1. Would you mind working out the magnitude of the charge dipole of the chain relative to its Cα centre, with +1 at each Lys and Arg C-beta and -1 at each Asp and Glu C-beta, to the nearest 20 Debye?
2. Extension gain Val20-Glu58, at 0.36 nm per residue separation less the Cα-Cα distance, in nm?
3. Taking H placed 1.01 Å from N in the peptide plane, check which residues at least 5 places from Glu119 or on another chain put their amide H under 5 Å from its amide H.
4. With runs of 4+ DSSP H residues as the only contributors, calculate the mean residue ellipticity of the chain at 222 nm using -39,500 (n - 2.57) per run, divided by the residue total and rounded to the nearest 500.
5. FRET efficiency for Ile39 and Ala83, Cβ-Cβ distance as r, R0 = 35 Å, nearest 0.05?
6. Roughly how tilted is helix 39-51, in degrees to the nearest 10 and between 0 and 90, from the longest Cα axis of the chain?
7. I need the trypsin sites (Lys or Arg not before Pro) found in region 36-74, filtered to DSSP loop residues with at most 12 other beta carbons within 10 Å of theirs.
8. At what distance in angstrom do the alpha carbon centres of region 109-149 and region 1-18 lie from each other?
Amino acid sequence: MRVVVQRAKDAKCIVNQEVVGQISHGYMLLVGFTHEDSISEIQLLAKKIIGLRIFEDEMGKLNRSIIDVKGAILAISQFTLYANAKKGNRPSFTEAMAYEKANQFFTCFVNELKSYNIEVETGVFGADMQIAFINVGPTTILLDSRDLK
C-alpha cells in the first residue's frame, strides 16, 4: 500500500463538473493498493497518517498532528501509484490491485481513518477526477507499507 500525504488547504475533488469532496485544511491523500496488501497495511498506514506530526507548532516546528490542528482529509484512490515505467514509455499497472478488491480496500481505509474521529472526504472511486488544492509548505510525504513493517 502506498499513500502520498500532502499538507493541504482548499482541497477539492471534481467529477463531471461537480464538487464531490472538499476540505478547508488538512491532508490531501493519494492512495494505492497492490496485490500483496491486507487489512494490516490499512491499519498500519491509517495510524501512521493520523500520528504524523507535520503541522507547525507555535515555534514553527513540524510538531503537530492532523488531530492537533483539527484538520480533515481528502482521500483519493490512485492506482497509478503502482505504475512501472522501467521498460518503454508506456507504464504498466500490473502491480496495482484489481478494481473490485481495491474499491473494497479503499472503503476500508477511509473507514479506518474515520475511526480516529476525523472528517474524511473522498472522490468517486474509478471516476475521472480533477483534484485542486494548495500544497502547504510544500509538505509531501510518501508512505509505503513495505517500509514501515
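The values are calculated or read from the model by the stated rules, or taken from the named source; none is laboratory data. Quick caveat: nothing in here was measured; it's all calculated off a predicted structure. Glycine gets a Cβ as well: all are built from the backbone with ideal geometry, and neighbour counts include every protein chain shown. Surface accessibility is based on the protein's heavy atoms, side chains included, excluding ligands, DNA and RNA. Shrake-Rupley method; radii C 1.70, N 1.55, O 1.52, S 1.80 Å.
1. Its charge dipole is roughly 360 debye.
2. Numbers: separation 38, 0.36 × 38 = 13.68 nm, distance 3.36 nm.
So the extension gain works out to 10.3 nm.
3. Amide H neighbours of Glu119: Ile73.
4. -6500 deg cm²/dmol
5. So, using R0 = 35 Å, E works out to roughly 0.90.
6. Roughly 30 degrees between the two axes.
7. Lys61, Lys70
8. 7
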